[in-house]
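Participant: Just passing along the structure, written as structure tokens.
Coordinate-derived values only; no laboratory data. Given the structure is predicted, the values throughout are model-derived calculations rather than measurements. Using ideal geometry, Cβ is built from the backbone for each residue, glycine included, and neighbour counts are taken over all protein chains shown.
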């Protein structure tokens, strides 16, 4: 079973890095200087920001469907165009954390859910995708519950 994990497109977030702290706050976001690693997993690069690096913490709608599973939550964004995209690879930020994986059907309803250590997540992803009704998977960081990445079937 082939799958692909892809970081978020950096384009919609690029303007945030040029904004002042006051402008960010007006939109409910804030600039954070990273004090430890791993602590700020970027949703574009799908790796943790480095100590001393500035990241933007903002609210992001990751499940926009008008279902009971509509969700949004906090994410970190680095100033980068290095968008992670790879087949059958669990990216570094996910690999080093416990994950909550949630499988959704074509109607955006959750039909699978389980926990896995990131380094072992590939087996759970493959198990979910063995169910033909699973259209896509959302990975969340289990400890804080924040959205981590979208996982899709790949040819």
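Participant: Under 1.5 on a/c is rounded, so check that first for segment 59-135, then, if it is not, pick prolate when a/b is larger than b/c and oblate when it is not; a ≥ b ≥ c are the square roots of the alpha carbon gyration tensor eigenvalues.
Facilitator: oblate
Participant: Could you give the angle, 0 to 90 degrees to the nearest 10, between helix 121-130's Cα long axis and the longest principal axis of the Cα atoms of the chain?
Facilitator: Approximately 50 degrees, to the nearest 10.
Participant: For a quick check, take a GNM of the chain with Cα springs below 10 Å and name the residue from 143, 33, 43 with the largest mean-square fluctuation.
Facilitator: Checking each option, the largest mean-square fluctuation is seen for 143.
Participant: How many nm separate the modelled label positions at residue 19 and residue 86, each set 7 Å beyond the Cα in the direction of the Cβ?
Facilitator: Computed distance between label sites residue 19 and residue 86 equals 3.1 nm.
Participant: Separate question: Which shape class applies to segment 14-58: rounded if a/c is under 1.5, otherwise prolate when a/b exceeds b/c and oblate if not, where a ≥ b ≥ c are the square roots of the Cα gyration tensor eigenvalues? Each step should come with its number before you reach the end.
Facilitator: Numbers: a/c = 2.35, a/b = 1.77, b/c = 1.32.
Prolate shape, in that a/c is at least 1.5 and a/b is the bigger ratio.
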